[in-house]
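Some notes on the structure that comes next.
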Amino acid sequence: MEIKKIGNKEWIKSLTLLFLGILSLIWIFKLSQVNKTGYIEVFQLKIDIIEGFMWGFFIMGGFLITWASTSMMEYDLKEDRIPLYYVLIVGLIISLCGIVAFENLIMVYIFIELSTFLAVGIVMIKDEEKNYKAGMKYLLLSLLASSILLMGLIILYNITSSIMIDEIGIRLNNLSTSKDKIFYSFILILIGIGIKSALFPFHIWLPDAHGSAPAPSSAILSGLVLKSYIILFIKIIYKSYGLSLVQDINVLPIILILGLMAMIYGSIMAIMEKDLKRIIAYSSVAQIGYIFMGIGLGNFLGLQAAIFHILAHGITKACLFLNAGSIIISTGNKDVEKISGIGRKMPITMGLFTICALSMVGIPLFVGFNSKWNFALSIMDSKYHWSIAILILSSLLNGVYYLPIIIKAFFSKGNDYENIKERSLRDLTPIIILGFLVIFFGLFSDPVMKLIASGLNNI
């Protein structure tokens, strides 16, 4: 298939990549200059290690996904919409950084709303009816989530008379107020962020959004956007409420149960799907469940594992969606039953897909295995030892929907796809880098875990 030329629109791609590339280099330099207090000074903002880690993750992840999109979006978008797409991406990445960086809840809320509209934009930018429907569903549910979240924050402000995340924590510890009010505020915040991060049973917008959006948009939504809301939730739990208070109001078991249910439900729904992108979307529901399970365990190891899995899932799922997009563009279909034999025609693309799929299953040498190993350790360090059975079951179910795709692609006769060739090395380079990171962090996870631990010690 011949790539369409966009003439004088090429500059917007180059400018976007240059901007994100420079930001990535700056942030690598800044992260290397963490002071003795464990903070980074940026634009008069005091960024802690976890926040700094996430900034780097958003910027560099956004750079790689955007790079990959430069050879893919011509297939999905009208020529005049391509510049708008890159503007939306840059704005979205900046808004995600704002969500995790600011301590002022008003500023955080503004960036949440900004990210919502920009994320809806990258879903609806593809000029098709199904995209408008999926985008409107996403928008309406996100606005509902924002309203619920705002009510929770208002109750929290009513209790503490503060909008600063750190200061709220200090005041809650010094106030003798009704635990009922604190409980209600937490539940509202959980529901609001649960909808935005696609936590079961608030995930209903996600399969449609991912199924209809361009593959790079799905990669950004799953790999980056959802993670910003979860990091905010972690900040609110540990900095505003404090672990002891959260334990007192007995909400951690709720988070744990929702996470465990998501792990099973998402996997079962993925098994029942035939649409390649929707399979990966439901897999995201399951993987988000892992993160919330780690939070719900209420111990240091669980939280550490949850943050590590944000990285693991982010890079792996971005790579999966981009490879799925390449397969769909080349074959013209999303049905996994109709892509048999594609691995012989697109060995690099399908090889990268296989690496990421095996990572999500939890096969050793890949980053997903380290995540699940750390989750297992955190479960054994908690009072919820029975959760290990659900962790194992979910991992087995991951294999049930990923392994048949791999087997069909490489070993089934199926379609010959005579006119299909592997994409050029230039087009594949950013996806290869993501696949390399899946292996790299699988082999060398200790430095990341130590960095996360160092950041958590400052909370």
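The values are calculated or read from the model by the stated rules, or taken from the named source; none is laboratory data. Since we're looking at a predicted model, the values are computed, not measured. Neighbour counts are summed over all protein chains in view; Cβ atoms, including those assigned to glycine, are modelled from backbone coordinates with ideal geometry.
With respect to Thr160, is the statement that it is of a type outside the set (Gly, Ala, Ser) and touching a residue at least 40 places away in the same chain (Cβ under 8 Å) true? So Thr160 fails the test. Criterion applied to Ser340, Ser359, Ser395 was being in contact with a Gly (Cβ under 6 Å, 6 or more places away or on another chain), outside any helix (DSSP H, G or I), among the small types (Gly, Ala, Ser) and in contact (Cβ under 8 Å) with a residue 24 or more places away in the chain, and the one residue passing it is Ser340. Asn419 meets each of the listed conditions (1) part of a loop (DSSP other than H, G, I, E, B); (2) farther than 30 Å from Gly298 by Cα; (3) touching a residue at least 24 places away in the same chain (Cβ under 8 Å) apart from (3).
Considering Ser240, Ser185, Ser222, Ser218, the condition of being without any contact (Cβ under 8 Å) to a residue 60 or more places away in the chain, surrounded by 24 or more Cβ atoms within 10 Å (Cβ to Cβ) and at negative phi is satisfied by Ser185 alone. Within the range 352-387, being of a type in the set (Val, Ile, Thr) and within 13 Å of Ala305 (Cβ to Cβ) holds for Val367, Ile379. Could you please give the count of residues in the range 120-159 that are more than 24 Å from Phe186 (Cβ to Cβ), part of a helix (DSSP H, G or I) and out of contact with any Leu (no Cβ under 6 Å at 6 or more places or on another chain)? Qualifying residue count for the region: 14. Within the option set Ile310, Ile329, being assigned to a helix (DSSP H, G or I), aliphatic (A, V, I, L, M) and over 21 Å from the mean Cα position of the chain (by Cα) holds for one residue only, Ile329.
Residues in the range 98-137 that are farther than 26 Å from Thr160 by Cα, surrounded by 20 or more Cβ atoms within 10 Å (Cβ to Cβ) and without any contact (Cβ under 8 Å) to a residue 60 or more places away in the chain: 3 in all. Just one of the numbered conditions (1) touching a residue at least 12 places away in the same chain (Cβ under 8 Å); (2) within 21 Å of Gln287 (Cβ to Cβ); (3) in a helix (DSSP H, G or I) is not true of Asp427: (2). Ser284 falls short on exactly one of the conditions (1) of a type outside the set (Lys, Arg); (2) in contact with a His (Cβ under 8 Å, 6 or more places away or on another chain); (3) in a loop (DSSP other than H, G, I, E, B), and that condition is (3). Under the condition of being over 14 Å from Val400 (Cα atoms) and free of Cβ contacts under 8 Å to residues at least 12 places away in the same chain, the residues counted in the range 251-300 number 0. If you go through the range 160-180, how many residues are in contact with a Leu (Cβ under 9 Å, 6 or more places away or on another chain), modelled with pLDDT of 80 or more, surrounded by fewer than 18 Cβ atoms within 10 Å (Cβ to Cβ) and not in a loop (DSSP other than H, G, I, E, B)? So the answer is 1.
Quick grid of which residues meet (1) among the β-branched types (Val, Ile, Thr); (2) at positive phi; (3) surrounded by fewer than 24 Cβ atoms within 10 Å (Cβ to Cβ):
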residue	(1), (2), (3)
Met263	no, no, no
Ile268	yes, no, yes
Asp275	no, no, yes
Ile280	yes, no, no
Ser283	no, no, no
Tyr290	no, no, no
Gly294	no, no, no
Ala312	no, no, no
Ile315	yes, no, no
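Condition check ((1) at pLDDT 85 or above; (2) closer than 26 Å to Tyr157 by Cβ) across all residues:
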residue: Ser185; (1), (2): yes, yes
residue: Ile191; (1), (2): yes, yes
residue: Gln247; (1), (2): no, yes
residue: Arg278; (1), (2): yes, no
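The requirement of being crowded, with 23+ Cβ neighbours inside 10 Å, touching a Phe, Trp or Tyr at 6+ places or on another chain (Cβ under 9 Å), under 24 Å from Ile50 (Cβ atoms) and modelled with pLDDT of 90 or more is fulfilled nowhere in the range 346-356; no residue meets it.
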